[in-house]
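Step one of this worksheet: look at the structure below.
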There are 2 protein chains.
Amino acid sequence: MIVIEDRQSLDSWVEQSRMWGGKVGFIPTMGALHEGHLALVREAKKTCTQTIVSIFVNPTQFGPEEDFSQYPRTFEKDRALLEEIACDAVFLPSPEVIYPPGGQTYVAVEPLASQLCGASRPGHFQGVATVVTILLNLVRPHAAYFGVKDYQQLTLIKQMVRDLAMAVEVVGVPIVREEDGLALSSRNRYLTAKERQQATALYKALLAAQSLFKNGELKAIKLEKAARKILYESGIEQIDYVEVRHRKTLACQLSVEDPVMLIAAKVGKTRLIDNMVLST
Amino acid sequence: MIVIEDRQSLDSWVEQSRMWGGKVGFIPTMGALHEGHLALVREAKKTCTQTIVSIFVNPTQFGPEEDFSQYPRTFEKDRALLEEIACDAVFLPSPEVIYPPGGQTYVAVEPLASQLCGASRPGHFQGVATVVTILLNLVRPHAAYFGVKDYQQLTLIKQMVRDLAMAVEVVGVPIVREEDGLALSSRNRYLTAKERQQATALYKALLAAQSLFKNGELKAIKLEKAARKILYESGIEQIDYVEVRHRKTLACQLSVEDPVMLIAAKVGKTRLIDNMVLST
């Protein structure tokens with residue numbers, strides 16, 4: 001596996017990889033890789049001739065009070081994991097490679113970026129949209145892979161790619177969960193043993209809402225109430241949101257149709273998110 | 001010359017044109033073509049194997065009080081002009097081809113977009129940045145050509161392409177002027193005979209400032225004052241701005257260095273712009 005750190009080497013790699021009809025698959029990450037990320041790489045390898053993962057902890061998507069400096073950086077472990085599943089290349093840029101000094105440009109997706117996680121993390125999705133645009137322009141992949149776990153992020157990137165006519169296929173890859181249902185996340189490692197136990201309530205809350213929905217409950221507020229109850233009962237008190245939205249547009253619905261439930265909550269000091277399409 | 005109206009035909013044309021090392025040159029326009037636009041096509045044809053012009057009067061870059069509905073649409077004449085200079089293709093999309101319903105994404109370049117023309121045309125440069133991004137993503141040219149006459153627009157697009165790492169070379173092409181110095185513009189046709197005469201004052205004002213600068217005047221305010229005087233004397237009273245800025249960044253300077261002078265003024269009801277690099 002080749003490790004690429006600068007634009008020129010990346011460009012040569014991309015040129016070569018696209019030659020003779022080669023298909024490039026791209027997985028942008030912030031590192032601290034886990035099975036969820038590896039599932040993205042495996043999905044890419046199914047149809048692409050070359051697969052490249054980027055590892056870049058993007059400063060512009062963290063708020064001033066957030067965990068940018070504490071975010072786990074585990075490159076040697078990440079590299080070993082990627083080698084093991086025969087990933088072809090890893091792009092490991094410094095902040096200056098992504099953001100040369102004097103930058104003024106950003107990409108905004110409104111109103112999608114201001115809701116849900118965007119409401120409590122102002123600027124987050126503008127940071128995401130901008131860095132993904134830059135990375136896609138640098139890597140020029142045929143397909144880019146994102147985890148369904150970051151549901152709003154995936155929806156936003158699909159919207160952006162469509163609106164700006166970017167020549168890339170955006171592929172969402174299902175959530176990978178622990179045995180007890182907790183969705184894999186690089187932030188799970190922040191959890192204490194007790195919090196780790198509490199955190200399973202997110203999945204249980206989603207399952208409860210799904211079960212209610214399948215039994216005919218169509219009122220968003222009822223589904224949300226049932227999910228909140230389970231979170232509270234497990235001792236999770238700092239709920240950011242529990243919302244049922246339209247699966248494709250994330251539009252609010254009183255009476256739900258093709259719904260996804262999205263949850264964000266703090267377990268101890270760690271903010272976790274999870275979601276479930278209720279009809280599946 | 002092929003006329004392309006939809007994304008699929010454009011895509012085929014682009015694929016074919018890029019084959020075997022072909023180099024695509026792109027000139028985005030709003031039509032109402034004049035010698036200034038044709039100079040862009042000629043410049044592209046010098047180094048590109050295929051040259052494509054887009055004609056799209058972009059609604060999002062016009063303010064509610066501006067001349068979107070009145071903007072001249074002269075496609076048959078435009079086509080003849082492009083045929084004559086052997087342009088290879090013209091892309092003539094409907095608004096729906098550029099902006100499919102439900103769009104939420106825009107590209108912003110701040111603070112560059114809020115100054116000069118941006119101050120009196122809020123949203124204008126956001127519309128420009130967004131439509132140019134979409135067009136570049138659709139056409140995927142090797143080089144894109146813009147007139148120096150829209151100096152702030154050219155600067156903004158260079159900034160955006162750099163910041164978002166777009167894989168395109170941005171080429172600025174010098175202003176084409178009438179015999180008496182008036183910069184060619186699609187809006188010149190709005191001028192009455194008397195206004196047409198007055199309009200030459202923009203060029204004269206720039207020349208006066210340039211002459212002062214070459215004689216050693218380095219105070220921006222003195223250069224601007226001299227230019228304003230010439231505009232007033234010709235009867236132009238609605239001056240939007242007369243500003244000396246840094247040639248590359250458009251930063252303000254008390255004592256000028258590598259300066260460009262930019263003018264925007266209304267002659268009658270028609271808003272005209274012009275500029276000159278003072279050291280040339």
#### Entry: Matching residues in segment A:235-279 - criterion: being on the phi < 0 side of the Ramachandran plot and acidic (Asp, Glu)
A:237, A:240, A:243, A:257, A:274
### Summary
The number of residues in segment B:235-257 that are farther than 23 Å from residue B:154 by Cα and buried (at least 18 other Cβ atoms within 10 Å of the Cβ) is 1
### Task
From (1) free of Cβ contacts under 8 Å to residues at least 12 places away in the same chain; (2) buried (at least 20 other Cβ atoms within 10 Å of the Cβ), pick out the condition that doesn't hold for residue B:12.
(2)
### Selected residue (criterion: nearest to the other protein chains (Cβ to nearest Cβ)) from residues of segment A:168-177 that are surrounded by 15 or more Cβ atoms within 10 Å (Cβ to Cβ) and part of a loop (DSSP other than H, G, I, E, B)
A:168
### Task
State which residue is farthest from the other protein chains (Cβ to nearest Cβ) when the search covers only segment A:188-203 and only residues that are of a type in the set (Lys, Arg) and surrounded by fewer than 16 Cβ atoms within 10 Å (Cβ to Cβ).
A:194
#### Entry: Test: residue A:232 is in contact with a strand residue (DSSP E or B) (Cβ under 9 Å, 6 or more places away or on another chain), without any contact (Cβ under 8 Å) to a residue 12 or more places away in the chain and either in the same structural domain as residue A:151 (by TED's automatic domain parsing) or on the phi < 0 side of the Ramachandran plot (or both)
yes
### Task
Provide a single number: the residues in segment B:83-115 that are more than 14 Å from chain A (Cβ to nearest Cβ) and out of contact with any strand residue (DSSP E or B) (no Cβ under 6 Å at 6 or more places or on another chain).
5
### Qualifying residues in segment B:119-134 (those that are assigned to a loop (DSSP other than H, G, I, E, B) and surrounded by fewer than 19 Cβ atoms within 10 Å (Cβ to Cβ)) - the one farthest from the other protein chains (Cβ to nearest Cβ)
B:122
### Query
Of the residues in segment A:48-82, how many are of a type in the set (Gly, Ala, Ser), under 25 Å from residue A:114 (Cα atoms) and either surrounded by 13 or more Cβ atoms within 10 Å (Cβ to Cβ) or touching a Gly at 6+ places or on another chain (Cβ under 9 Å) (or both)?
1
### Query
Out of curiosity, is residue B:195 in contact (Cβ under 8 Å) with a residue 12 or more places away in the chain and among the acidic types (Asp, Glu)?
yes
### Message
Being under 20 Å from residue A:185 (Cα atoms), surrounded by fewer than 21 Cβ atoms within 10 Å (Cβ to Cβ), among the hydrophobic types (A, V, I, L, M, F, W, C) and more than 19 Å from the chain's Cα centre (by Cα): is that true of residue A:85 here?
### Response
yes
### Query
Which ones in segment B:225-280 are touching a Lys or Arg at 6+ places or on another chain (Cβ under 8 Å) and of a type in the set (Asp, Glu)?
B:240, B:258, B:274
### Task
Return the residue satisfying two criteria in turn: it lies in segment B:155-164 and is in contact (Cβ under 8 Å) with a residue 40 or more places away in the chain and in a helix (DSSP H, G or I), and of such residues it is farthest from the other protein chains (Cβ to nearest Cβ).
B:155
### Task
Confirm whether residue A:36 is surrounded by fewer than 19 Cβ atoms within 10 Å (Cβ to Cβ) and either without any contact (Cβ under 8 Å) to a residue 24 or more places away in the chain or in the same structural domain as residue A:157 (by TED's automatic domain parsing) (or both).
no
### Task
Scan segment B:137-154 for residues that are more than 9 Å from chain A (Cβ to nearest Cβ) and over 10 Å from the mean Cα position of the chain (by Cα) and jot them down.
B:139, B:141, B:142, B:143, B:144
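The values are calculated or read from the model by the stated rules, or taken from the named source; none is laboratory data. All values derive from a computational prediction rather than experimental measurement. Cβ: placed from backbone, ideal geometry, glycine included. Neighbour counts: every protein chain shown.
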